[in-house]
1. When only residues in segment 221-261 that are among the acidic types (Asp, Glu) and in contact with a Leu (Cβ under 9 Å, 6 or more places away or on another chain) count, which is surrounded by the most Cβ atoms within 10 Å (Cβ to Cβ)?
2. Mind checking whether some residue in segment 483-491 is closer than 28 Å to Leu420 by Cβ and crowded, with 18+ Cβ neighbours inside 10 Å?
3. Exactly one of these conditions fails for Asn408: (1) closer than 23 Å to Ala469 by Cα; (2) at pLDDT below 90. Give me its number.
4. With the requirement that a residue be without any contact (Cβ under 8 Å) to a residue 40 or more places away in the chain and closer than 22 Å to Arg455 by Cα, what does segment 540-577 give you?
5. Tell me whether segment 639-656 contains one or more residues that are more than 30 Å from Val411 (Cα to Cα), surrounded by 15 or more Cβ atoms within 10 Å (Cβ to Cβ) and modelled with pLDDT of 95 or more.
6. What about Asn609, is it in the same structural domain as Gln513 (by TED's automatic domain parsing), more than 28 Å from the chain's Cα centre (by Cα) and surrounded by fewer than 19 Cβ atoms within 10 Å (Cβ to Cβ)?
7. Would you confirm whether any residue within segment 149-159 is among the hydroxyl-bearing types (Ser, Thr, Tyr) and touching a Phe, Trp or Tyr at 6+ places or on another chain (Cβ under 6 Å)?
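The values are calculated or read from the model by the stated rules, or taken from the named source; none is laboratory data. These numbers come from a predicted model, not from an experiment. Note that we place each Cβ from the backbone using ideal geometry, even for glycine, and neighbour counts take in every protein chain shown.
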Amino acid sequence: MKQIIQNLRTGETILEEVPSPQVGKGQLLIRTSKSLVSLGTEKMLVEFGKSNLIQKAKQQPEKVQMVLNKIKTEGLVPTVEAVFNKLGQPLPLGYCNVGQVIGIGQDVIGFQIGDRVASNGPHAEVVCVPQNLCALIPDNVTDEEATFTVIGSIGLQGVRLLSPDIGETVVVTGMGLIGLITAQLLIANGCTVIGLDIDNSKLEIAQKWGVIVCNPNESDPVALSLKVTNQGGVDGVIITASNKSDEIISQAANLCRKRGRIVLVGVIGLKLNRSDFYEKELTFQVSCSYGPGRYDDNYEQKGIDYPLPYVRWTEKRNFNAILKLIANRNLKVNDLIEEAVPLENFIEIYGDMSNNSAIANLLSYSLDEKVDSVVENYSAKITKANGKIAVIGAGNFTQMTMMPLLKNSPVKYIVSKGGLTARELSKKYNIPLASTDIKDALSDTEVSVVIISTRHDLHADMVLECLLAGKDVFVEKPLVINQDDIDRIIKAQAESQRSVTVGFNRRFSPHIQRIKQVVPASSAKNMVATMNAGFIPNNVWVQDMNVGGGRIIGEACHYFDLLVFISGSPIVAVNMSALGCHPELNTDNASILLKFANGDNGVINYFANGSKSYAKERLEVYFDQKTIVMDNFRETQFFGFKSVKNLKTRIDKGHKKQFELLSNLALKGGPALISFNEIINTTKASFASIESLKKSVWVDVG
């Protein structure tokens, strides 16, 4: 299928051929007929992509600070590589999609195959969208009209936050697409509307609907508002403009009466003058996109709806309200359409967006072409040979860490749920096949090793599927996120006799390898591993115990493996204490005590409340009146040794060596990189830590 993407590094807008997405749980698969180009948002992204690095930095000063912090902790070269990798990732354009349902995922309710739906899907021939971001289109609403559903909801949410009463006077600043829709919604609410814009052609459209218009370059909007309101000032202002100037917010304050309301829907400068707001006791609120539920994974991705009696208007209910207004002809959108062009002619819209003064452009999609193929062959035929690798998952870790290290390895497949990232990586690294279905790789007899790099809750089923297909498996940490899945994998591995390896890369670092060499296995050891992990909000998926497993299971598992490797002995018991944590809650600020079968002791400090300017990882080993200190995989110092020299390198956490060994394993065979027993031991130890926190006791690992 075809999809429009934006390259943020070069600024190039491309119509790309990518595999069609696979429908997932709680999702709809939609064949697109029309999509609306949001000139405001998409123009901003396109122009950002075309700007140089200095201009990009000026537009995102907060990201510059993040880069500077990363340089301090990880060094210049890795940071530069990470920045360029991030800029090189393709960005899907578009969020106003209309089409027909061609696939329904598990747990979806209220939709059937063949339904016409509006969604926030991108500009692509086939899109996969969660059900709470889709709405059924009434029979008397055309596909063209329905493309305004999502963008109309942005304006509607701004109106809801303003809470206008019948008879009030409201100013809409910025009469672009969202502004014109907002003005109509206010008129439908019984308001007198004043529209401000410097583009007279947009004001002419608004005037036809009964909006009182004003061009600030030609007349004084404050004087007009006082005249319209009999010197009282307007009741509220909704700002839908996109402008970096601070004058707009100051002007809004001057337009308002005492105790007036201002709602920001657009993007403007926000250096507020206190006196403007203080003297009138004005209220100011920023509107969040389509309404309640936006950016909430529980609502959008998991399909958990907010109860109607308590949250009357969610984003999906706003979608439905816009469609009803269009159906009843209370919202007129046909007048806003400048032109509709075929998808293949997208460059007519995107070629020079800086000079595109159109209000709304539509893209039309051909429904005659076949787009249901999920496997695409992008290069020359491969000669038959065993030892090929399939990579499942194309997220940040795959893009920024794994694939650069696998570029000379025999990778035959790259699979991603949406297809776009898989297609981009297949081009970048000359991988023959890109797909959205893991079964394509598992059914290929040339593939001997499957690398799984997906969200943690998907690991168990994918590992089992790979073992059942007779493939060796390498899965990024953690192996699984619950005990039942461990038992299933132990059984499947025994029956298949195929290897299962987890990406515990740190044991392959030259620093850890050197430590392992100089520490006698017979010596009694005290080991202290500290991870300055950094803060991650609770609403991020890795913090969800049912999706990411939490950060102890999902990331601190690295250090369970690391200490097992240095000790040379399994963990037999753990005791975890957490900072300010209720026993039933997840934590990412904890200290974990470990007992090993050989008598060694370990401590894992996993902290999320430290400074980002401090080194992220540190390891100390004490034994035989000697001490080893490893600092952030850059420097290891040996104290009390006569002939062991300190080691300094670029940051090397062992990824490179790990994937070299894995590639050799795929080609030549041999023992697994890590003992399966050790993998099970460290996984169980991470689970035992959570149990220990809940019970406040030592827990045997078993």
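1. So the first thing to find is which residues in segment 221-261 are among the acidic types (Asp, Glu), and the list is 235, 246-247.
When the remaining residues are screened for being in contact with a Leu (Cβ under 9 Å, 6 or more places away or on another chain), the result is 235, 246.
Details: Asp235: 21, Asp246: 14.
Per the stated criteria, the residue is Asp235.
2. Quick first cut of segment 483-491, residues closer than 28 Å to Leu420 by Cβ only: none.
No, segment 483-491 contains no residue that is closer than 28 Å to Leu420 by Cβ and crowded, with 18+ Cβ neighbours inside 10 Å.
3. (1)
4. Going residue by residue through segment 540-577, those that are without any contact (Cβ under 8 Å) to a residue 40 or more places away in the chain are 540, 569.
Listed by number, the list holds a single entry, Val540.
5. Within segment 639-656, the subset more than 30 Å from Val411 (Cα to Cα) is 639-648.
Now restrict to residues that are surrounded by 15 or more Cβ atoms within 10 Å (Cβ to Cβ): 644, 647.
Narrowing further to those that are modelled with pLDDT of 95 or more: 647.
Taking every residue of segment 639-656 in turn, at least one turns out to be more than 30 Å from Val411 (Cα to Cα), surrounded by 15 or more Cβ atoms within 10 Å (Cβ to Cβ) and modelled with pLDDT of 95 or more.
6. Numbers: in the same structural domain as Gln513 (by TED's automatic domain parsing): yes; more than 28 Å from the chain's Cα centre (by Cα): no; surrounded by fewer than 19 Cβ atoms within 10 Å (Cβ to Cβ): yes.
Considered against the rule, which asks whether it is in the same structural domain as Gln513 (by TED's automatic domain parsing), more than 28 Å from the chain's Cα centre (by Cα) and surrounded by fewer than 19 Cβ atoms within 10 Å (Cβ to Cβ), Asn609 comes out as no.
7. If we filter segment 149-159 for residues that are among the hydroxyl-bearing types (Ser, Thr, Tyr), which is where we start, we get 149, 153.
Next, from what is left, pick out any that are touching a Phe, Trp or Tyr at 6+ places or on another chain (Cβ under 6 Å): 149, 153.
Checked against the condition, which is being among the hydroxyl-bearing types (Ser, Thr, Tyr) and touching a Phe, Trp or Tyr at 6+ places or on another chain (Cβ under 6 Å), segment 149-159 yields at least one hit.
Let's see how each residue does on (1) of a type in the set (S, T, N, Q); (2) over 31 Å from the mean Cα position of the chain (by Cα); (3) surrounded by 14 or more Cβ atoms within 10 Å (Cβ to Cβ); (4) assigned to a loop (DSSP other than H, G, I, E, B):
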| site | (1), (2), (3), (4) |
| --- | --- |
| Leu272 | no, yes, yes, yes |
| Phe284 | no, no, yes, no |
| Gly291 | no, no, yes, yes |
| Gly303 | no, no, yes, yes |
| Arg312 | no, no, no, yes |
